[in-house]
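A.B. asks: Mind having a look at this structure? Questions to follow.
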Amino acid sequence: MKLLLFFLLSYTLLYATTPKKFSVIIHKPFDAALFDITEDYDRTISAAGFSNEFKGSSAPQESYSNAFDYLESRSSKYGAQMTLVKVNDNAQVILSKVAKLSRFNKAVALVKTPTNGYFIGGYTLDGSLLVAKLDANANLLYSKIFGTKNYDRMNNLVLLSDGGVLAVGSSFTSRDTHDAMFATGLGNNDIFLTRFSKDGQILWSKKYGTAYDDQGIDAVEAADGSIIVVSTMASEKKRDVNFMRITENGNKVWLNHFITQTTQHNLVVPKKIIRLRDNSFVVALIQYNQVQKEHIRLVKFDLYQNILQDREIQTTYPSGLNDIKEFSNGTLMGVGYVKDKHNTDGLAMLLDSDLTLLRQEHYGGENFDIFYALTILHNSQVAVAGVHTDNNSQEKNMWIVKLNKDTSLATIHTQKAQNNYTKKTTNTSLYKQLKKLFAKEIAAGKLRISPDLTFEFIDPSLYFHQGSYKLNIEQKKFLSRFSSKLFYTLQPYKNRIKAIEINGHTSSEWGKKSFEQRYLNNAKLSMQRSFSVWSYIFSQQRDATQKWLSKITKGSGYSFSKRVQRAGQEDKNASRRVTLRVVL
């Protein structure tokens, strides 16, 4: 397999001045992995998985006469505990929290809450399901262990529109006749769904399935509040991939045996389902051929069981996608693995809206590397979580990378470059937003906005009369509407706004005075115009906005140094104006 250059970033290199690639490897004792990832509201990245934590102490030395007694005493010294890590834009680990639960467990899913906290879903290694809620600093608020008396396993935790979550997994059948949930004669493993409110209360918990082995793989909420569940069914004679639609209360609406196959035919394994912006759905599956080589299969369908597209992506090496997400322009990115006889690499694929492959990249070293999950960031970059294995090592490590939209590895900017990049991208974004916000005023010739976020009021009714600085009724009406829209739109950018400048301007005349007298008189007049506009705008704002503006506003008078020129001649009317600029 052709391996791409793999960038290992040590903590000492993070502070180098030259740009480095965004790849974070977190080493823990024994095996560790990250299975899900999300973006926080402060633009940091959080990921969840497990690490092996030591438990107990070896301080008290106790003698044993039996080797088996000794081994039993050591068997619980360490084990898996769900772990959450957070990294910043410089690829530095800024937080690492490990659960300290009494039972060993693993996290499989991570969901953001409206308060910048987290829901984490997983399972204990002795067969129970687990949902934990954390605050923004990853402190445990509460945890719930639930499920049946038999062995249960969670595959995903799905965020719902009411702020709650749906746990998706499977459970071995209970034959307890006193348990009404299992009176339907389900057998072997069954689909197991549990819905939680945003406060962590169990709303309902239900099983679905047949007399054979059924497993709940993933689910997604439809626009109408119903839920689409992807599952598998296996017997000695056949294997099915099923799509099921249930109501918000868990009642079955329909069940579609999408793929029905005998054991002699090719195996298909579902991995992930997402809802697209057009309210259709895409499922990522792994398709095995006659020689058991896996490749990628994507199926698009609608709420009424219509298959819209069914596409297989043939690759040179065995490949599979574990997760897939949609960009705002309709393209999709999937992540997973690609492997040959010698090693496995992380795989990133870019697809168009027709599920056609546009580009793919492989990332990894000489051993086992895999991507398990991705999240699309606010700037259309992609954060990916998975596992990396160092060279000459058998231990799996937590791995976070950041990719560009074209699947290339993103760069860590130096602080200066990062500041310039942030300023440039914010300027561009805000400029486009303001042009859209004031589209009617621009079209009507009331104002003009420059890319540096300068507002020029260009309607003749908004100019000042010669020698005047007092506002007329037309100017006050316009400034009242303008300032209300502007400051409301600027609220999300408050922390990035350095200043708001109100600049007064004049024409060049002042009777038959000398240049010095004309300049100074007009300098005073331009400052009066600046103050007149600013004091009126300021008076129209609420207390909270006034307090913010009082810290960042700058007023100035340019006299006639920036008078308006048209065809080489001074436009005296247009020069008698005030401009406003937002400085980031």
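The values are calculated or read from the model by the stated rules, or taken from the named source; none is laboratory data. Worth saying up front: this structure is predicted, and the values here are computed from it rather than measured. Note: ideal-geometry Cβ built from the backbone for every residue, glycine included; neighbour counts use all protein chains shown.
A.B. asks: Against the definition (at pLDDT 90 or above, part of a helix (DSSP H, G or I) and assigned by TED's automatic domain parsing to the domain that holds Ala499), how does Glu456 come out, yes or no?
C.D. replies: Details: at pLDDT 90 or above: yes; part of a helix (DSSP H, G or I): no; assigned by TED's automatic domain parsing to the domain that holds Ala499: yes.
For Glu456, the condition - at pLDDT 90 or above, part of a helix (DSSP H, G or I) and assigned by TED's automatic domain parsing to the domain that holds Ala499 - is not met.
A.B. asks: What residue, of Ser235, Ser226, is of a type in the set (Ser, Thr, Tyr) and out of contact with any Leu (no Cβ under 9 Å at 6 or more places or on another chain)?
C.D. replies: Only one candidate passes the filter, namely Ser235.
A.B. asks: All but one of (1) modelled with pLDDT of 90 or more; (2) out of contact with any Phe, Trp or Tyr (no Cβ under 8 Å at 6 or more places or on another chain) hold for Ser205; which doesn't?
C.D. replies: Status for Ser205: all satisfied but (2).
A.B. asks: Which number in (1) in contact with a Ser or Thr (Cβ under 8 Å, 6 or more places away or on another chain); (2) touching a residue at least 60 places away in the same chain (Cβ under 8 Å); (3) surrounded by fewer than 20 Cβ atoms within 10 Å (Cβ to Cβ) marks the one condition that Phe538 misses?
C.D. replies: With (1) in contact with a Ser or Thr (Cβ under 8 Å, 6 or more places away or on another chain); (2) touching a residue at least 60 places away in the same chain (Cβ under 8 Å); (3) surrounded by fewer than 20 Cβ atoms within 10 Å (Cβ to Cβ) applied to Phe538, the lone miss is (2).
A.B. asks: For the range 233-301, please list each of the strands (runs of 3 or more DSSP E) lying entirely inside it that holds at least 3 residues being basic (Lys, Arg), under 26 Å from Leu351 (Cβ atoms) and at pLDDT 95 or above.
C.D. replies: It comes to 268-275.
A.B. asks: Name, by its number, the condition in (1) among the small types (Gly, Ala, Ser); (2) surrounded by 13 or more Cβ atoms within 10 Å (Cβ to Cβ); (3) over 17 Å from Glu456 (Cα atoms) that does not hold for Ser532.
C.D. replies: (3)
A.B. asks: Let me ask something else. Do you know which residues across the range 460-505 are part of a loop (DSSP other than H, G, I, E, B) and loosely packed, with under 15 Cβ neighbours inside 10 Å? Step through it out loud before you land on a result.
C.D. replies: From the range 460-505, those part of a loop (DSSP other than H, G, I, E, B) are 463-472, 497-498, 505; that's our starting set.
Of everything in the range 460-505, those that are part of a loop (DSSP other than H, G, I, E, B) and loosely packed, with under 15 Cβ neighbours inside 10 Å turn out to be His465, Gln466, Gly467, Ser468, Lys470, Asn472, Lys498.
A.B. asks: Take the residues in the range 542-559 that are surrounded by fewer than 16 Cβ atoms within 10 Å (Cβ to Cβ) and out of contact with any strand residue (DSSP E or B) (no Cβ under 6 Å at 6 or more places or on another chain), then tell me which one is farthest from Glu474 (Cα to Cα).
C.D. replies: It comes out as Lys551.
A.B. asks: Also: Mind listing whichever residues of the range 303-325 are farther than 27 Å from Ile37 by Cα and either assigned to a loop (DSSP other than H, G, I, E, B) or not assigned by TED's automatic domain parsing to the domain that holds Val387 (or both)?
C.D. replies: If the condition is that a residue be farther than 27 Å from Ile37 by Cα and either assigned to a loop (DSSP other than H, G, I, E, B) or not assigned by TED's automatic domain parsing to the domain that holds Val387 (or both), then Leu303, Tyr304, Gln305, Asn306, Gln314, Thr316 are the ones that fit.
A.B. asks: Give the residue that is farthest from Leu159 (Cα to Cα), with candidates limited to residues of the range 71-96 that are modelled with pLDDT of 85 or more and more than 20 Å from the chain's Cα centre (by Cα).
C.D. replies: Of the range 71-96, the ones modelled with pLDDT of 85 or more are 80-96.
From the residues that got through so far, the ones that are more than 20 Å from the chain's Cα centre (by Cα) too are 80-82.
Numbers: Ala80: 25, Gln81: 23, Met82: 19 Å.
The residue in question is Ala80.
A.B. asks: All but one of (1) modelled with pLDDT of 90 or more; (2) more than 15 Å from Leu580 (Cα to Cα) hold for Gln475, so report the exception by its number.
C.D. replies: (2)
A.B. asks: Let me ask something else. Does any residue of the range 326-348 turn out to be part of a loop (DSSP other than H, G, I, E, B), closer than 23 Å to Ala107 by Cα and within 18 Å of the chain's Cα centre (by Cα)?
C.D. replies: Of the residues in the range 326-348, the ones part of a loop (DSSP other than H, G, I, E, B) are 327-331, 340-343.
Now drop any that are not closer than 23 Å to Ala107 by Cα, which leaves none.
No.
A.B. asks: Just to check your reading of the model, which residue among Ser508, Ser530 is in contact (Cβ under 8 Å) with a residue 24 or more places away in the chain, touching a strand residue (DSSP E or B) at 6+ places or on another chain (Cβ under 9 Å) and in a loop (DSSP other than H, G, I, E, B)? Give the steps one after another, and end with the answer.
C.D. replies: On the way: Ser530 fails: in a loop (DSSP other than H, G, I, E, B).
Just a single option satisfies the conditions, and that option is Ser508.
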